[in-house]
Amino acid sequence: LKDADLTMVNLSAANLKDADLSGATLTKANLTEATLTDADLSEADLKGADLSRVELRGATLYGANLIEANLTDASLYANLTNAILLEANLSGANLELANLELANLIEADLTGANLMGANLTGASLHYANLIEADLTGADLSGADLTDANLKGAKLRGTMLCNTTMPDGIMIYSNC
């Protein structure tokens with residue numbers, strides 16, 4: 001399925017464990033409740049795709065386009081380095097220990113998301129909604145949270161080294 005055009009395909013509840021979907025076009029695809037454990041979605045185009053309640057443990061989404069994707073309640077213990085999650089819905093998602101280094105999460109909805117121990121080094125979180133998100137032990141070194149909403153977010157043990165906070169002030173904590 002590498003580089004395949006799967007635009008608007010319905011793969012809900014599909015078992016795609018270990019699938020190679022790198023470079024695939026899955027624009028507006030329905031992957032609700034699909035199993036993508038250990039799948040390779042590097043550089044895949046998932047713009048507007050429905051990935052709600054999807055299982056992505058161990059998956060690689062390096063550089064994937066997830067603009068406006070729905071990842072509500074998804075399980076994402078995955079590599080999302082350089083992923084584009086602009087305006088993505090990640091509310092209630094489990095991103096514990098996920099690698100989101102250099103990810104674009106501008107205007108993403110992370111309400112109630114579990115980001116415990118996640119690597120958000122250098123991530124862009126402008127205008128992101130992190131209400132009630134759990135960032136305990138997360139690494140936000142070099143991240144930009146300008147105008148992000150952190151109301152009720154848990155930040156215990158969070159690394160904030162060279163991190164731009166919602167008010168635009170740079171913090172140097174735990175450097």
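Key figures for this structure:
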{"read-out": "Cα-centred dipole magnitude for the range 77-154, charges only on beta-carbon of K, R (+1) and D, E (-1), debye, nearest 20", "value": "120"}
{"read-out": "Pairwise Cα inverse-distance average, inverted: Kirkwood Rh of the chain (Å)", "value": "15.5"}
{"read-out": "Cα-based shape type of the range 1-60, given that a ≥ b ≥ c are square roots of the gyration tensor eigenvalues and the cut on a/c is 1.5", "value": "oblate"}
{"read-out": "Cα centre as origin, Lys/Arg/Asp/Glu Cβ charges: the chain dipole, Debye", "value": "300"}
{"read-out": "FRET efficiency, Ala4 to Arg57 (Cβ-Cβ, R0 22 Å, nearest 0.05)", "value": "0.45"}
{"read-out": "Tally of Lys pairs whose C-alpha atoms are under 18 Å apart, taken over the chain, 8 or more apart or cross-chain", "value": "4"}
{"read-out": "Accessible carbon and sulfur surface of the chain relative to its total accessible area, %, 1.4 Å", "value": "48"}
{"read-out": "Average accessible area per residue (Å²) across the range 64-146 - probe 1.4 Å, nucleic acids and ligands excluded", "value": "32"}
{"read-out": "Shape category assigned to the range 61-120 from the gyration tensor of Cα positions, a/c cut at 1.5", "value": "oblate"}
{"read-out": "Most mobile of Ile106, Ile131, Ile84 in a GNM of the chain (Cα contacts under 10 Å)", "value": "Ile131"}
{"read-out": "Zero-based 5 Å bins, Cα pair distances in the range 90-144, whole percents", "value": "7, 25, 31, 33, 5"}
{"read-out": "Cut-off of 10 Å, at most 13 other beta carbons, DSSP loop: longest stretch of the chain lacking such trypsin sites (Lys or Arg not before Pro)", "value": "3-150"}
{"read-out": "Lys28 versus Tyr127: modelled label distance in nm, points set 7 Å from Cα along the beta carbon direction", "value": "2.3"}
{"read-out": "Three-way shape call for the range 113-175 based on the alpha-carbon gyration tensor, with the a/c threshold at 1.5", "value": "oblate"}
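The values are calculated or read from the model by the stated rules, or taken from the named source; none is laboratory data. As the structure is a computational prediction, the values presented were derived from the model and not from experiment. All Cβ positions, even for glycine, are placed from backbone atoms using ideal geometry, and neighbour counts span all protein chains on display. Side chains included, ligands, DNA and RNA excluded: accessible areas come from the protein's heavy atoms. Shrake-Rupley method; radii C 1.70, N 1.55, O 1.52, S 1.80 Å.
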